[in-house]
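Take a look at the structure below.
The values are calculated or read from the model by the stated rules, or taken from the named source; none is laboratory data. Since we're looking at a predicted model, the values are computed, not measured. All Cβ positions, even for glycine, are placed from backbone atoms using ideal geometry, and neighbour counts span all protein chains on display. Just so you know, the surface numbers come from the protein's heavy atoms only, side chains and all, with ligands and any DNA or RNA stripped out. Shrake-Rupley method; radii C 1.70, N 1.55, O 1.52, S 1.80 Å.
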Amino acid sequence: SRAELLQVAGGAPAERAIEALISARLLVAMERGDGESIEVVHEALLSAWPRLVAWRQEDAEHARLRDQLRVAARQWTERGRPRGLLWRGEALAEYEVWRRRYRGALTEVEEAFGRASVADAARGRRLRRGALIVVGTGLVVALVIFARLRTQAEGAREQAVASKARAEASEQHAADQLTESYAEQGRRALLAGDAPSALLYLDAALQRGRDTAALRYMVQRGLDALGSGVKTL
């Protein structure tokens, strides 16, 4: 369009150049729904005009991507500038490399499309970095919680083992005390001359593992006393 040509070529000098080429019947101005369009009179000019051919050859490196940019920017604008139509990935990377080399002007729509594509890509990178930070932080927190829970579990297990050991020791102490009590009561009964009762207590102590020389001596004394009593009867 005439407006795009003036944006790219720059103001009044471009306007005079366009009018001169129209007067020379090399360009033609045509009215369209979205404004005035400037076109070459005939496609033969693209190959028959030596200066234009030379310009096009010199500009061939940039022409392909500039045409792609113009089409993409127009579609983006016509559809309300949605993010889904912005360039990403390889297309955006190629545009950024080309834009650093290309010194020519672009239309306002093309410039806006390029800036929006670059800004959207930067926003995406920030979001991805933020997501990675969140995920990394979550993993660290999970590892810390896991380590803490594991430590607590190990501590609880150690406490349970220690508590069980204390309970077993207490139980064994009580059993030893009872065995000692049986042996003591057997000794007292034996001293009192009650051999049957003494043998019952002493036998109970033997059954609970109190198998000592002293205990066996008292059992033998009790049996001897009991034998004397049997003989007397």
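Below, the figures for the structure above:
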read-out: Output for the stretch 169-187, where each listed residue is open to solvent by less than 100 Å² (accessible area, probe 1.4 Å) and either more than 26 Å from residue 223 (Cβ to Cβ) or out of contact with any Phe, Trp or Tyr (no Cβ under 6 Å at 6 or more places or on another chain) (or both); value: 169, 170, 174, 175, 176, 178, 179, 180, 181, 183, 184, 187
read-out: Qualifying residue in the stretch 110-126 (condition: modelled with pLDDT under 85, within 39 Å of the chain's Cα centre (by Cα) and either hydroxyl-bearing (Ser, Thr, Tyr) or farther than 30 Å from residue 1 by Cβ (or both)); value: yes
read-out: All positions within the stretch 188-233 that are over 21 Å from residue 174 (Cα atoms), assigned to a helix (DSSP H, G or I), open to solvent by 90 Å² or more (accessible area, probe 1.4 Å) and not charged (D, E, K, R); value: 191, 217, 220, 230, 232
read-out: Condition broken by residue 103, with the remaining ones in (1) open to solvent by 60 Å² or more (accessible area, probe 1.4 Å); (2) in contact with a Phe, Trp or Tyr (Cβ under 8 Å, 6 or more places away or on another chain); (3) not acidic (Asp, Glu) satisfied; value: (2)
read-out: Criterion (within 53 Å of the chain's Cα centre (by Cα), surrounded by fewer than 14 Cβ atoms within 10 Å (Cβ to Cβ) and either modelled with pLDDT of 85 or more or outside any loop (DSSP other than H, G, I, E, B) (or both)) met by exactly one of 4, 36, 90; value: 90
read-out: Some residue of the stretch 205-212 being touching a helix residue (DSSP H, G or I) at 6+ places or on another chain (Cβ under 8 Å), within 25 Å of residue 228 (Cβ to Cβ) and not acidic (Asp, Glu); value: yes
read-out: Meets criteria (aliphatic (A, V, I, L, M), on the phi < 0 side of the Ramachandran plot and in contact with a Lys or Arg (Cβ under 7 Å, 6 or more places away or on another chain)) for residue 69; value: no
read-out: Count of the stretch 12-31 residues which are free of Cβ contacts under 8 Å to residues at least 24 places away in the same chain and under 23 Å from residue 71 (Cα atoms); value: 6
read-out: Any hit, the stretch 110-117, residues being touching a helix residue (DSSP H, G or I) at 6+ places or on another chain (Cβ under 6 Å) and over 30 Å from residue 46 (Cα atoms); value: yes
read-out: Set 81, 64: member being assigned to a loop (DSSP other than H, G, I, E, B) and open to solvent by 60 Å² or more (accessible area, probe 1.4 Å); value: 81
read-out: Any hit, the stretch 50-70, residues being under 24 Å from the mean Cα position of the chain (by Cα) and either at pLDDT 90 or above or acidic (Asp, Glu) (or both); value: no
